[in-house]
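Everything below concerns the one structure shown next.
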Amino acid sequence: MSWSPRAPLALLILGPIWAQTACAHTLSESYSSWQINSNTVRLQFTVPDLEARRLSESGKEQPTVEQLGRYLADRVGVATGEQRCPRTQGPLALSAIAGFRRFEFVFTCPLMSDIKLHSAAFYDRVPSHTNFARILDSDGNLVEQLLTSDHKEVDVSGRASQNVLESAGLLQYIRMGIMHIFTGVDHMSFMLGLVLISRRVRDLLFVITGFTLGHSLTLGLAVTGILRPNPQYIDALVALTIALIGAENIGDSTHRPLPIALSLGGLLLCFALAKIIGLGVTLPATLLVGGAVFTSSYLMLTGHMGDAGRVRLLMTLVFGLIHGFGFASNLLQMQLPRDRLAELLLGFNLGVEIGQVTVVLSALFLVYVLVRLRLAIPRPLFSDVAAAFLVAEGLFWFAGRSIVLT
């Protein structure tokens, strides 16, 4: 069974929209630490730079300390019963590790019964935002909670104070996996690149199978602590896989893989040279050289094969290994209950699969509908334009995740 010779305009139109909203593959997230002592509640709120930039009009500039502090102050708070506890200190900017901002607040409560902690930060910017809250009560009990747009308040005086990670059901982790795909625009771009390069249903089955096997393996290895690669390296490599899948499409359509392989491989070697002479590249030179060799070899191999479907099964297995570490990024921020690790890992992975299948089937449905309505353009033209977009998108993200300008 072969694909239709036409392709939809819709995917081409949606691509730039997705690109504007994507800065990293991870879910929108922040971190809060609440300490209850006597009649005071001390809050330290940590914000990744990625989230802080969402407060600017363009989404690219960092807000000032005063702007970010004021934004948080308006959206965090403590209450006892129906009475709000006044903020007696803060926002006070504290030192934080590179890539993060941290603020401290102190609330003084007249009563210490029926305490409710509240955070509405960033849900107005990203509805799927998650805050990972750690709460230490007066008795020294540590509670962990996931604060979401549907669960902005924590009652630390009753049953609701139980660790939400321990009481969370399988469906909640399935939902997290699904949202990881739907809010991870780079993962979505990669999946659509796999659809683009697959000429037949059999080819698509090969690449999706390889990708699934790869990310399932490394997702388990990362969450169980067997392997913990540097998340910055993974972010950059995820972006590189998008550029690589687009470059493969171009080499396949032009039947001239050599210039494409030399160009992309040569670019990675330039990054390696920049690292060696100290021009702000953060990735190791050995990783960049290895990436250049792999990229050139892969593009040359698939470009000279009449039927590269089976080879892509192995290659997308490698890509899946990289993306699997990316999928694990959010789970690594939580202290998952060890006795339920297998169940929760299964739920998250199942959610990822549901999200991937939804993206692929939606793309295929658009192809079918628009071809039936005769609203499609010839596949060669669409393929070249979409592949060029994937290369540009992937390289833009790769450079942004591997270069620090001083």
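The values are calculated or read from the model by the stated rules, or taken from the named source; none is laboratory data. Note that the coordinates shown come from a computational prediction; the quantities given were computed from them, not determined experimentally. With ideal geometry, Cβ positions are generated from the backbone for all residues, glycine too; neighbour counts draw on all protein chains shown.
Of all residues in the range 92-107, exactly one satisfies the criterion of being over 20 Å from the mean Cα position of the chain (by Cα), at pLDDT below 80 and of a type in the set (Gly, Ala, Ser), namely ALA96. Just one residue in the set ALA363, ALA387 is among the hydrophobic types (A, V, I, L, M, F, W, C) and either surrounded by fewer than 19 Cβ atoms within 10 Å (Cβ to Cβ) or at pLDDT below 80 (or both); that residue is ALA363. Annotation: ILE226 fulfils all but one of (1) at pLDDT 85 or above; (2) of a type in the set (A, V, I, L, M, F, W, C); (3) loosely packed, with under 15 Cβ neighbours inside 10 Å; the unmet one is (1). Looking for something in a loop (DSSP other than H, G, I, E, B) and either under 21 Å from LEU219 (Cα atoms) or at pLDDT 75 or above (or both) - is there at least one such residue anywhere in the range 371-384? Scanning the range 371-384 turns up at least one residue that is in a loop (DSSP other than H, G, I, E, B) and either under 21 Å from LEU219 (Cα atoms) or at pLDDT 75 or above (or both).
Within the range 390-406, the set of residues being at pLDDT 80 or above and either assigned to a loop (DSSP other than H, G, I, E, B) or under 15 Å from LEU244 (Cα atoms) (or both) comprises LEU390, VAL391, ALA392, GLU393, GLY394, LEU395, PHE396, TRP397, PHE398, ALA399. In the set GLY251, GLY265, only one residue is under 27 Å from the mean Cα position of the chain (by Cα), over 22 Å from PRO229 (Cβ atoms), touching a residue at least 24 places away in the same chain (Cβ under 8 Å) and surrounded by 17 or more Cβ atoms within 10 Å (Cβ to Cβ); that residue is GLY265. Residues that are within 15 Å of VAL47 (Cα to Cα) and in contact with a strand residue (DSSP E or B) (Cβ under 8 Å, 6 or more places away or on another chain) do occur in the range 134-145, at least one of them. Considering the range 120-150, and only residues there that are part of a loop (DSSP other than H, G, I, E, B) and charged (D, E, K, R), the residue that is surrounded by the most Cβ atoms within 10 Å (Cβ to Cβ) turns out to be ASP137.
Number of residues in the range 55-91 that are under 24 Å from GLU153 (Cβ atoms), within 27 Å of the chain's Cα centre (by Cα) and hydroxyl-bearing (Ser, Thr, Tyr): the value is 1. Evaluating LYS275 against the criteria (1) modelled with pLDDT of 80 or more; (2) out of contact with any strand residue (DSSP E or B) (no Cβ under 6 Å at 6 or more places or on another chain); (3) farther than 23 Å from HIS215 by Cα leaves one unmet condition, (2). Restricted to the range 98-119, and to residues there that are aliphatic (A, V, I, L, M) and buried (at least 16 other Cβ atoms within 10 Å of the Cβ), the residue that is farthest from TRP34 (Cα to Cα) is MET112.
Report, by residue number, each residue of the range 26-53 that is at pLDDT 85 or above, assigned to a helix (DSSP H, G or I) and closer than 17 Å to TYR123 by Cβ. Result: GLU51, ALA52, ARG53.
Of all residues in the range 313-345, those being at pLDDT 65 or above, more than 23 Å from PHE294 (Cα to Cα) and of a type in the set (A, V, I, L, M, F, W, C) number 5. With the condition kept exactly as written, say whether any residue in the range 79-87 is of a type in the set (A, V, I, L, M) and either touching a residue at least 40 places away in the same chain (Cβ under 8 Å) or in a helix (DSSP H, G or I) (or both). Within the range 79-87 (the criterion being of a type in the set (A, V, I, L, M) and either touching a residue at least 40 places away in the same chain (Cβ under 8 Å) or in a helix (DSSP H, G or I) (or both)), the answer is no, since none of the residues qualifies.
Residue pairs whose Cβ atoms lie under 6 Å apart, separated by 6 or more positions or on different chains, with the first residue in the range 64-77 and at pLDDT 90 or above and the second in a loop (DSSP other than H, G, I, E, B), are LEU72/ALA121; ARG75/ALA120; ARG75/ALA121.
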